[in-house]
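Single-structure report; data block below.
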Amino acid sequence: MTSLSTPRKGSGLGSVSTGRKVKDRTVQGLVYLAFLLALVPLLSVLWTVVVNGAKRLDPTFFQFSMNAVAGKDPGGGAYHAIIGTLQQVAITSAIAVPIAVLTAIYLVEYAGNGRLGKVISFFVDVMTGIPSIVAGLFVLALWLLTVGFGFSGFAGALALAILMIPTVVRATEEMLKLVPNDLREASYALGVPRWRTICFVILPTAMTGIVTGVMLAVARVMGETAPLLLTIFFTKAINTNPFEGPQASLPTFIWEQASDPNQTSIDRAWTGALVLIGIIMLLNLLARLVARRSAPVRR
Amino acid sequence: MAKRIEVSGLHAYYGGVHAIEDISMTVEPRSVTAFIGPSGCGKSTFLRTLNRMHEVIPGARVEGKVMLDAEDLYGSSIDPVAVRRVVGMVFQRPNPFPTMSIYDNVAAGLKLNGVRRKGQLDEIVEQSLQDANLWNEVKDRLGKPGAGLSGGQQQRLCIARAIAVQPQVLLMDEPCSALDPISTLAIEDLIGKLKSQYTIVIVTHNMQQAARVSDRTAFFNIAGTGQPGKLIEIDDTSKIFTNPEQKATEDYITGRFG
């Protein structure tokens, strides 16, 4: 004991050896370098989109559709596409988030080592790997061709929901697993039933992470183009009813405008991309604000 | 309020592992019973069988009888959730709910069981915090997060939370092992105060603590690694610490093993 508690003097506490210093510096440098490398594409994309998209970022763009606007005409806007995207993503989230969160709750809180839990977990993994066009084809085959509905924003939302569910399940599952078991036991020991424990103790504790996971999934599906072309088709006109008729969306708007060989169209496509990024960032900020209000309080 | 616990022929298992074997004992109402014994001897497991928290762990099961006055806690018609309302528990590490304020932490058991009347809640929260010797320290910041308190305060908050649902028995699983001596003293004083109303069972590794707070002491031991834990003897604390019946108890208490 005494040898440990008396402060050591002299040579025992030498300075850090040169070798370790060099290694420390080298690794530090490599980490910074990796960080900068990762930033390059991100900043490059942002920069290009902002520079090219700023040209048409005017009130007209947010007020008008492309109805009766030809490719080479100036003016025209993405009003129809913005409405479409917001409606489609809202419907997608309304379908996917409850299913996904409930699935994750089942997997973490109820399934244990049961067979059903393993099967569900396996299929969630399989769903994560579905290419987006396959989700679109699936809805096309089932909802449009077999059941017989026409193109609609809702059909697109179905395809997007298939893509969104596995991402949200995985994110929510990870967050629920992070909730300390102590809290579950504390709640059970108060004579609180399991479902109330989940609703009022576990979900609030994991809320920030779940919201982040949902936002990442929303951002992902918002940029999907291929499944929408198969299920919503596209239109130049405003269609505010997501349950009937083709609807526009920002990704399909960008795709359509960018494939038009006129500079005016290409400018519109860039602005569409800028608006899409803007909407995703706004939603992210909003979600963070909401999450902060229910976040676990720290010291 | 307080109830007598009578355990007979109790076995507990984790999957295929036999954790405790054939335990029978009586815990008197309005008294403090301490469980002592080396690590892994099944004290905590046994404690958790007394409010059916043992079976929360996947694969865990219990055989035998635990009578709370006239009711068998493991009877087929008994709801484990209802059992836990009557037999409260305080854990080794303070575990206040991180999303809730001090007030909400204490009120949690009531709110989550459907008590909503503000006046009634206010009254019970104040009473519980007073009983837990915490009221004076937190009365001006009831809306602040419970996780912002010190470790000792958090543990008293957890005790307040446990007694707010007005249980008849209070189980404490090493409630002071994560605390400093001053907080420990506060909790021991509290136990002395609470025993006039509750039946208290406390698991402790600190033999001085057992001697200080308890009326009766039970000594648990294991024959070896992988063997189930057993109750060696239970008697008045003064007898256990001065003149135990069993050699093993005397060896443990005098520090000759364990």
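Bear in mind that the values in this text are calculations on the coordinates, not laboratory data. The structure displayed is predicted, hence computed values, not measured ones. With ideal geometry, Cβ positions are generated from the backbone for all residues, glycine too; neighbour counts draw on all protein chains shown.
What separates the Cα centres of segment B:121-167 and segment A:17-65 is a distance of 49 Å. Over all projection directions, the Cα-based convex hull of segment A:47-168 averages an area of 11.1 nm².
Of the listed peptides B:98-110, A:84-96, B:54-66, what is their order by residue-averaged count of other C-beta atoms within 10 Å, with the highest listed first?
Details: B:98-110: 23.7, A:84-96: 22.0, B:54-66: 16.0.
Those peptides, ordered most packed to least, come out B:98-110, A:84-96, B:54-66.
Here the spin labels are modelled as points 7 Å beyond Cα on the Cα-Cβ line, and at B:SER39 and B:TYR14 they lie 1.3 nm apart. For the pair A:VAL134 and A:LEU289, the difference between a 0.36 nm per residue extended length and the Cα-Cα distance amounts to 52.3 nm.
Length, then width, then depth: along the principal axes, the Cα atoms of segment B:87-229 run 52, 30, 30 Å.
Between A:ASN181 and A:ASP73, the simple spin-label model (points 7 angstrom out along Cα→Cβ) gives 6.7 nm. Among the GluC sites (Glu not before Pro) found in segment A:213-263, those both in a DSSP coil and sparsely packed, with 13 or fewer other Cβ atoms within 10 Å of their Cβ, are A:GLU244. The distance separating the Cα centre of segment A:246-281 from that of segment B:30-98 comes to 63 Å.
Placing +1 at every Lys and Arg Cβ and -1 at every Asp and Glu Cβ, with all other atoms neutral, what dipole size does segment A:75-294 have around its Cα centre, in debye to the nearest 20? Could you put the intermediate results ahead of the total?
Numbers: 13 positive and 11 negative charges, 107 e Å.
Taking the Cα centre of segment A:75-294 as origin, the dipole is about 520 debye.
For chain A, set up a Gaussian network in which alpha carbons nearer than 10 Å are linked by springs, and say which option among A:TRP255, A:TRP143, A:TRP47 fluctuates the most. Most flexible of the set in this elastic network: A:TRP47.
Considering only B:ALA19, A:HIS80, B:GLY109, the residue lying farthest towards the positive end of the dipole of the protein assembly as shown is A:HIS80, judged by Cα position with unit charges set on Cβ. Packing-based ranking of A:259-267, B:173-181, A:118-126 yields B:173-181, A:259-267, A:118-126, ordered from highest to lowest mean Cβ neighbour count within 10 Å.
Averaged over its residues, how many other protein chain Cβ atoms are within 10 Å of peptide A:172-185's Cβ atoms?
On the way: counts 0, 0, 0, 0, 0, 0, 0, 1, 3, 3, 6, 5, 2, 7.
What the average comes to for A:172-185 is 2.
For peptide B:97-104, the mean count of partner chain Cβ atoms within 10 Å of a residue's Cβ comes to 5.
Sequence-distant contacts, meaning Cα pairs under 8 Å at least 6 residues apart, place the relative contact order of chain A at 26 percent. Over segment A:114-191, the hull volume per residue, using the convex hull of the C-alpha atoms, is 146 Å³.
Across A:PRO242, A:PRO193, A:PRO131, mean-square fluctuation computed from a Gaussian network of chain A (C-alpha pairs under 10 Å connected) peaks at A:PRO193. Here chain B is treated with +1 on each Lys and Arg Cβ and -1 on each Asp and Glu Cβ, and its dipole about the Cα centre works out to around 660 debye. Compared with the rule-of-thumb size 2.2 N^0.38 Å for a compact globular protein, segment A:168-299 has a Cα radius of gyration ratio of 1.49.
Neighbour counts of C-beta atoms inside 10 Å place B:LYS247, B:LYS43 in the sequence B:LYS247, B:LYS43, starting with the fewest. For chain B, the direction-averaged projected area of the alpha-carbon convex hull comes to 13.8 nm². Nearest 10 degrees, 0 to 90: what angle lies between the long axis of helix A:203-222 and the longest principal axis of chain A (Cα atoms)? Compared with the principal axis, the helix lies near 40 degrees. Using all pairs of distinct alpha-carbon atoms, the Kirkwood hydrodynamic radius of chain A works out to 22.7 angstrom. Partners of A:LYS118 within straight-line reach, counting lysines whose Cα lies under 26 Å from its Cα and excluding those fewer than 8 residues away in the same chain: A:LYS177. In this calculation the C-beta distance from A:THR26 to A:THR212 is compared with R0 = 51 Å, giving a FRET efficiency of 0.90. Charge dipole (Cα centre; +1 on Lys/Arg Cβ, -1 on Asp/Glu Cβ; no other charges) of the protein assembly as shown amounts to roughly 1260 debye. Computed with the Debye formula from one identical point scatterer per Cα of segment B:157-224, without solvent, the log10 of I(q)/I(0) at q = 0.17, 0.20, 0.24 Å⁻¹ comes to -0.63, -0.85, -1.18.
Once both labels are positioned 7 Å from their Cα atoms along Cα-to-Cβ, the gap between A:THR240 and B:GLU63 label points is 7.2 nm.
How large, in Å, is the protein assembly as shown by the Kirkwood hydrodynamic radius built from its alpha-carbon pairs? Each step should come with its number before you reach the end.
Details: mean 1/r = 0.0352 Å⁻¹.
Averaging 1/r across every pair of different Cα atoms and inverting gives 28.4 Å.
With Cα atoms defining each centre, segment A:144-175 and segment B:184-258 are spaced 60 Å apart in the structure.
Please tell me the relative contact order of segment B:1-73 in percent, rounded to the nearest whole number, where contacts are Cα pairs under 8 Å and at least six residues apart. Spell out each step's value before the answer.
Numbers: 120 pairs, mean separation 29.7, N = 73.
About 41 percent, as a whole number.
Of the residues A:GLY14, B:ILE253, B:LEU149, the one whose Cα sits farthest towards the positive end of the charge dipole of the protein assembly as shown is A:GLY14 (charges of +1 on Lys and Arg Cβ, -1 on Asp and Glu Cβ, taken about the Cα centre).
In nm, what is the difference between 0.36 nm times the number of residues separating B:SER177 and B:THR254 and their Cα-Cα distance? Can you show the working numbers first?
Details: separation 77, 0.36 × 77 = 27.72 nm, distance 2.05 nm.
Length difference between fully extended and current span is 25.7 nm.
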